[in-house]
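Engineer: Please see the structure below; I have some questions.
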There are 4 protein chains.
Amino acid sequence: MIKFGVLGAGRIGKVHARTIAGSKQATVAYLADANAQAAAELAAEVGAKVASVEDIIKARDVDAILIATPTPTHADLIEAGSEAGKAVLCEKPVSMSVERIKACLKVVEQNSTNLMIGFNRRFDPNFASIEQRIRKGDVGEVEMVTVISRDPAPPPVDYVKSSGGLYRDMMIHDFDMARFLVGEEFVLVQALGAALVDPAIGKAGDVDTAAVQMQTASGKIAVITNSRRATYGYDQRVEVHGSKGMLSARNIQNTTVELANAQGIMGDPVLHFFTERYVDAYANEVKAFIDGLAKGVSARPNGFDGLQAQKLADAATMSWQTGKPVKPA
Amino acid sequence: MIKFGVLGAGRIGKVHARTIAGSKQATVAYLADANAQAAAELAAEVGAKVASVEDIIKARDVDAILIATPTPTHADLIEAGSEAGKAVLCEKPVSMSVERIKACLKVVEQNSTNLMIGFNRRFDPNFASIEQRIRKGDVGEVEMVTVISRDPAPPPVDYVKSSGGLYRDMMIHDFDMARFLVGEEFVLVQALGAALVDPAIGKAGDVDTAAVQMQTASGKIAVITNSRRATYGYDQRVEVHGSKGMLSARNIQNTTVELANAQGIMGDPVLHFFTERYVDAYANEVKAFIDGLAKGVSARPNGFDGLQAQKLADAATMSWQTGKPVKPA
Amino acid sequence: MIKFGVLGAGRIGKVHARTIAGSKQATVAYLADANAQAAAELAAEVGAKVASVEDIIKARDVDAILIATPTPTHADLIEAGSEAGKAVLCEKPVSMSVERIKACLKVVEQNSTNLMIGFNRRFDPNFASIEQRIRKGDVGEVEMVTVISRDPAPPPVDYVKSSGGLYRDMMIHDFDMARFLVGEEFVLVQALGAALVDPAIGKAGDVDTAAVQMQTASGKIAVITNSRRATYGYDQRVEVHGSKGMLSARNIQNTTVELANAQGIMGDPVLHFFTERYVDAYANEVKAFIDGLAKGVSARPNGFDGLQAQKLADAATMSWQTGKPVKPA
Amino acid sequence: MIKFGVLGAGRIGKVHARTIAGSKQATVAYLADANAQAAAELAAEVGAKVASVEDIIKARDVDAILIATPTPTHADLIEAGSEAGKAVLCEKPVSMSVERIKACLKVVEQNSTNLMIGFNRRFDPNFASIEQRIRKGDVGEVEMVTVISRDPAPPPVDYVKSSGGLYRDMMIHDFDMARFLVGEEFVLVQALGAALVDPAIGKAGDVDTAAVQMQTASGKIAVITNSRRATYGYDQRVEVHGSKGMLSARNIQNTTVELANAQGIMGDPVLHFFTERYVDAYANEVKAFIDGLAKGVSARPNGFDGLQAQKLADAATMSWQTGKPVKPA
């Protein structure tokens, strides 16, 4: 039985703690949150003890740390967990700073500990199926990957100000997805962006509508488009064009019900909330981590994947700011 | 060059005359219609001469007669054409009377002339593709055929009174489709019906909503449902379930455009008018007749197909009237 | 906290016990199964005690009985539970005998206890949405309901022999669905059937391919088609045609992924297993029962719904056997 | 009756000549082609006289010139037609040189003659519907336009060498589509490209796989992706995301037929040939020109549209060559 210490009892912490509690291979031994009540309630639900972050990391009867705390704490907690010899599953991103990520990964490497980064979308059954079928050869050689990602509604402007910007906060998932599907590193990044949804986002120095195109050394192309607002729901699609065919994944609607009348044929809107849309993805991600631990391997996406996505986010941000193509660090 | 005499310059007569005029193998030599102006206009358009029905049937330079006149004239005109040694393509039905059809077919048989009946839906590219794929083995052994057929709006009650009733006037197309797809004759017919769309149709002794299920001697089943009104357009679908798979054909919308917004995802309504929905079917039907003539064969659906569909329509009407299953004549 | 006694730890018993255990309003207090090991394992999983059926029914600390035992035991157990004053959620059917169901319902009525029957498909999010939208007026007046239901593969012939036949064992779900959607009772039933999938099923006196059409006193029509085998998965669709539009629910595929290549555009097969296809339906059913208990009402479908569906199954069986339309008892 | 002189009896010349011949407002009076036999055959079919290009342009009984000759002749012929006071419908592009186009448009302006450029895709019923609905307000303010365009198979390398390159030869249609849908001019163009389909195309100095993203002064973004090869047919899609919703147009398949079996659910491939895919677009384009003439207006897309698309094609080519964003001339 793998014993987890869960750091963070917020929205994602809850999702993950419940998945662990439901696993036959793992339990939540301890749980920490700055909000004592939230910690107590979730601990009661999943059968864990509340403890401090420090105690959890030190605890002898903890095998793995799940980090679902605010972003600025991630790198420190990963390092602390690694120093204590624990396997770590950390929500994305490791850090907003590529340098900080590199330093953190060095610690993990020195301790030879297991680190997985929570790019949950790799575990969405649709996108995971596409990746498996690419590797199986269903589309032959991959030539172009298209990732469309639109949130239902923009976050508060205050959040935007501290988020690192759309390319680092929102598109980072798509950078990881593009790498996941193309299977090569990108050497050139071109970004466009604008604040078309909310001028206040523009005043805050960010964009809410963005397009990025990237190319690998072998010439493969990825195109990513983002918007902070989609009236029809949480738009999450990918398409992979290759020498032998095209694989694509549509959005998911609440039901399959359609109403046909004189106005036309109408189906449900697209699922709105990310926890709903990616409910399977979150669960499969934690299962992959647990399976990895059981087999003694570090499951992908690992720290390197976190680093590479962050480099692309930085490159896109710089490309948008300078109006020039940027070669990722 | 196959020379046609076209009888009838109404809606369907026009469609067929234009197809013949556009063919490289055939021309419209003569054209007749009770409405002299309609005849003159269509004749001018397709490069034909206006003549009387009698003269056209006798004309030495006419190879084939296309009958698009009112239903009560069909059997007489088929016989006259056959006696004159002409090939005949006649709009459905040959007659509302099975006995009259039998007598007519006997004349055709005695003269060994070519007779095709205008069940246009066999030539719809979607349904024709399904039939070809059934014969190719795509669904293995056919077990159940489902035909859904709904008109956009009911005809005037006056028309209903002289139409022979829904089973003979509207469902006859579906009886032919069921025979076409199943490839066997039906030995048992069970019908339900009601006037749910318009009580006046009920008062006129007819139904506007109907379901029929039929079975062949080997046990294969066909299910047909009809309505005289569909708010979303002209609903025309078939589905064939067999031992190795299922083939189905959806409706056709005006465009592939979809609008996604907070209300859902909305596509265009289904095509509304039968001339629009079956534009290719009408053209392909005439081409098949012309091809048959060029090759010296009588194209299906032939007089026998017309007879069998009429028998099923009679059986369904009787089943609905008596509330009992009926074995077709 | 509502305390359940769960009778039966088989496939469905497990599904339901886990749903109860996951509820914040209910727990599984006791669990019984003829297979002691199965009982012990499931009891451990859901935190229940193993006990005998008799003891569970008598237990003072049991509020509700969930019956997931073999069909022949249902009516007796419902009566025992009712006599003990317990609320009962019983898997369909109450009994294969309409007389036995009537007697059982009389007992429930005399004791004024709560009885819900497990027609899970009413709780499928797609079908439930359709029913709610019918009541909301989305299709106006319902005129025709079509239910298509095909199993992925036929059961063993031995099962068929004791199943009561396709109309009672399989189509019973569709009879309930038709009543649920039409909202009226059917007064006429016409059935066709054949053993096309497996001749051994025919030798066992049953059919594997069937069509039933039914009509209400007001003329509304329902058409149900069944097959014991569908190569493409578990085919579960409904369509409701009304005066203002049509509502339909498609099948559910494993993913939304499509592969486009020279062969065409291919999506995943339809979900294969009923536990997978109806995972939400089973959970929602138990939740509805629990909600009903919390509010002190007997949730639908209740014993009367169970009785009516059984009458339709009997009528269809008789119609198939006699070749005549049958008025349900 | 508008009298046309048709220059060019090749693939597109034929399509257009037949559309004109089928119009009630226009006829093909004269027809020219370097290939005398091709000219004679098409002239016979559409009821025209064969004549030389020079004589057609001079002919008093010619109102309009349709130019379907090789690209290098377009600008000269437009000028000649304009000098002779004829209305001109010319296949895209006017010229590969922006300077040459400008000179040509000056001549047209000086003569105040009517010039339409054959960007046929604007007249595809799907894309035309999207544009009309944008103007109607269905998506609110347009924020992002995505155009996906893939040919079924690459042209011969010899053609590629003289084509001006993918951005000018193939993507030019998409530049026009992006302008058509966004309704603003683009001020920034970023291009990526690679020869992934056929290395010989790369050796010829061109690309076969390309992505371009562009932005207008107000911040609106267009993303275009191209491939010279798609295994599944002629991939032609657009998607418009705006403040109130998203409009999209799918590909068109040969039939609506689907086969469901254990492998999945398979539909037909996408239509393969551009003449087939855009059969309505070509006809509607000529009708729009004829309607414009009848009303005395120059239908869009006009010479200015041809110029702007060429500027974007040049900018994209330069961006790809230099690796830098380019501001169109």
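Engineer: Using the structure shown, decide if residue C:242 is within 11 Å of chain A (Cβ to nearest Cβ) and farther than 30 Å from residue B:151 by Cβ.
Structural biologist: For residue C:242, the condition - within 11 Å of chain A (Cβ to nearest Cβ) and farther than 30 Å from residue B:151 by Cβ - is not met.
Engineer: Take residue D:108 and decide whether it is touching a residue at least 12 places away in the same chain (Cβ under 8 Å) and more than 14 Å from chain B (Cβ to nearest Cβ).
Structural biologist: So residue D:108 fits the description; yes.
Engineer: Looking only at segment D:140-154, count how many residues are more than 9 Å from chain A (Cβ to nearest Cβ) and either over 23 Å from the mean Cα position of the chain (by Cα) or not β-branched (Val, Ile, Thr) (or both).
Structural biologist: The qualifying residues number 5.
Engineer: Related question: Out of (1) over 20 Å from the mean Cα position of the chain (by Cα); (2) surrounded by 22 or more Cβ atoms within 10 Å (Cβ to Cβ), what's the single condition that is false for residue C:135?
Structural biologist: Here residue C:135 meets the rest and fails (2).
Engineer: Is at least one residue of segment B:148-165 in contact with a strand residue (DSSP E or B) (Cβ under 6 Å, 6 or more places away or on another chain) and either free of Cβ contacts under 8 Å to residues at least 40 places away in the same chain or surrounded by fewer than 16 Cβ atoms within 10 Å (Cβ to Cβ) (or both)?
Structural biologist: No, every residue in segment B:148-165 fails to be in contact with a strand residue (DSSP E or B) (Cβ under 6 Å, 6 or more places away or on another chain) and either free of Cβ contacts under 8 Å to residues at least 40 places away in the same chain or surrounded by fewer than 16 Cβ atoms within 10 Å (Cβ to Cβ) (or both).
Okay, residues lined up against (1) within 30 Å of residue A:235 (Cβ to Cβ); (2) without any contact (Cβ under 8 Å) to a residue 60 or more places away in the chain:
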position: B:235; (1), (2): no, no
position: B:251; (1), (2): yes, yes
position: B:258; (1), (2): yes, yes
position: B:276; (1), (2): no, yes
position: B:283; (1), (2): no, no
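Engineer: Now, a different point. Evaluate segment B:133-144: report whether one residue or more is at positive phi and either part of a loop (DSSP other than H, G, I, E, B) or at pLDDT 95 or above (or both).
Structural biologist: Checking segment B:133-144: at least one residue is at positive phi and either part of a loop (DSSP other than H, G, I, E, B) or at pLDDT 95 or above (or both).
Engineer: Something else about it: So which residues in segment D:291-313 are surrounded by fewer than 24 Cβ atoms within 10 Å (Cβ to Cβ) and in contact with a Ser or Thr (Cβ under 9 Å, 6 or more places away or on another chain)?
Structural biologist: The answer is D:292, D:298.
Engineer: Any residue at all in segment A:162-181 that is under 16 Å from residue A:322 (Cβ atoms) and either aromatic (Phe, Trp, Tyr) or at the interface with chain D (Cβ under 9 Å from one of its Cβ atoms) (or both)?
Structural biologist: Yes, some residue in segment A:162-181 is under 16 Å from residue A:322 (Cβ atoms) and either aromatic (Phe, Trp, Tyr) or at the interface with chain D (Cβ under 9 Å from one of its Cβ atoms) (or both).
Engineer: Quickly run through segment B:182-200 and pick out the residues that are of a type outside the set (D, E, K, R), outside any helix (DSSP H, G or I) and either facing chain C (nearest Cβ under 9 Å) or surrounded by fewer than 24 Cβ atoms within 10 Å (Cβ to Cβ) (or both).
Structural biologist: B:183, B:187, B:188, B:190, B:191, B:192, B:193, B:194, B:195, B:196, B:197 - these are the residues of segment B:182-200 that are of a type outside the set (D, E, K, R), outside any helix (DSSP H, G or I) and either facing chain C (nearest Cβ under 9 Å) or surrounded by fewer than 24 Cβ atoms within 10 Å (Cβ to Cβ) (or both).
Engineer: Being modelled with pLDDT under 95 and touching a Lys or Arg at 6+ places or on another chain (Cβ under 8 Å) is the filter here; which residues of segment C:162-204 pass it?
Structural biologist: none
Engineer: Only one of (1) closer than 27 Å to residue B:191 by Cβ; (2) touching a helix residue (DSSP H, G or I) at 6+ places or on another chain (Cβ under 7 Å); (3) among the small types (Gly, Ala, Ser) fails for residue B:315. Which number is that?
Structural biologist: (2)
Engineer: Against the conditions (1) in a helix (DSSP H, G or I); (2) surrounded by 18 or more Cβ atoms within 10 Å (Cβ to Cβ); (3) more than 21 Å from the chain's Cα centre (by Cα), where does residue C:177 fall short? Just the number, please.
Structural biologist: (3)
Engineer: Working carefully through the options D:204, D:230, find the one that is over 22 Å from residue A:190 (Cα atoms) and more than 9 Å from chain A (Cβ to nearest Cβ).
Structural biologist: D:204
Engineer: Examine segment D:127-142 for a residue that is within 25 Å of residue A:216 (Cβ to Cβ) and in contact (Cβ under 8 Å) with a residue 60 or more places away in the chain, and state whether such a residue exists.
Structural biologist: no
Engineer: Right, another one. When you look at residue B:213, is it among the polar types (S, T, N, Q) and at the interface with chain C (Cβ under 8 Å from one of its Cβ atoms), yes or no?
Structural biologist: Criteria met by residue B:213.
Engineer: Oh, and also: Can you work out which of the residues in segment A:269-290 that are of a type in the set (Ser, Thr, Tyr) and buried (at least 19 other Cβ atoms within 10 Å of the Cβ) is farthest from residue A:14 (Cα to Cα)?
Structural biologist: A:278
Engineer: On the basis of being assigned to a helix (DSSP H, G or I), buried (at least 22 other Cβ atoms within 10 Å of the Cβ) and modelled with pLDDT of 95 or more, does residue D:130 make the cut?
Structural biologist: Criteria met by residue D:130.
Engineer: I need the full set of residues from segment A:298-329 which are touching a residue at least 12 places away in the same chain (Cβ under 8 Å) and not in a helix (DSSP H, G or I), in order please.
Structural biologist: A:298, A:299, A:300, A:301, A:302, A:325, A:326, A:327, A:328, A:329
Engineer: Please specify each residue of segment A:128-139 satisfying the condition of being of a type in the set (S, T, N, Q) and facing another protein chain (nearest Cβ under 7 Å).
Structural biologist: Across segment A:128-139, the qualifying residue is only A:129.
Engineer: Return the residues of segment D:247-257 that are surrounded by fewer than 23 Cβ atoms within 10 Å (Cβ to Cβ) and part of a strand (DSSP E or B); say none if nothing qualifies.
Structural biologist: Within segment D:247-257, D:248, D:249, D:253 meet the criteria.
Engineer: Could you tell me which of the residues A:249, A:260, A:309, A:288 is at pLDDT 95 or above, within 14 Å of chain C (Cβ to nearest Cβ) and under 15 Å from residue A:122 (Cα atoms)?
Structural biologist: The conditions single out A:249.
Engineer: Within segment D:201-212, take every residue that is among the β-branched types (Val, Ile, Thr) and over 30 Å from residue D:140 (Cβ atoms) and give me the one that is surrounded by the fewest Cβ atoms within 10 Å (Cβ to Cβ).
Structural biologist: So the residue we want is D:201.
Matching residues to (1) out of contact with any Phe, Trp or Tyr (no Cβ under 8 Å at 6 or more places or on another chain); (2) modelled with pLDDT of 95 or more; (3) under 22 Å from residue B:75 (Cβ atoms):
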{"site": "B:9", "(1), (2), (3)": "yes, yes, yes"}
{"site": "B:13", "(1), (2), (3)": "yes, yes, yes"}
{"site": "B:26", "(1), (2), (3)": "no, yes, no"}
{"site": "B:42", "(1), (2), (3)": "yes, yes, no"}
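The values are calculated or read from the model by the stated rules, or taken from the named source; none is laboratory data. These numbers were taken from a predicted model, which means no experiment stands behind them. All Cβ positions, glycine included, derive from the backbone under ideal geometry; neighbour counts span all protein chains shown.
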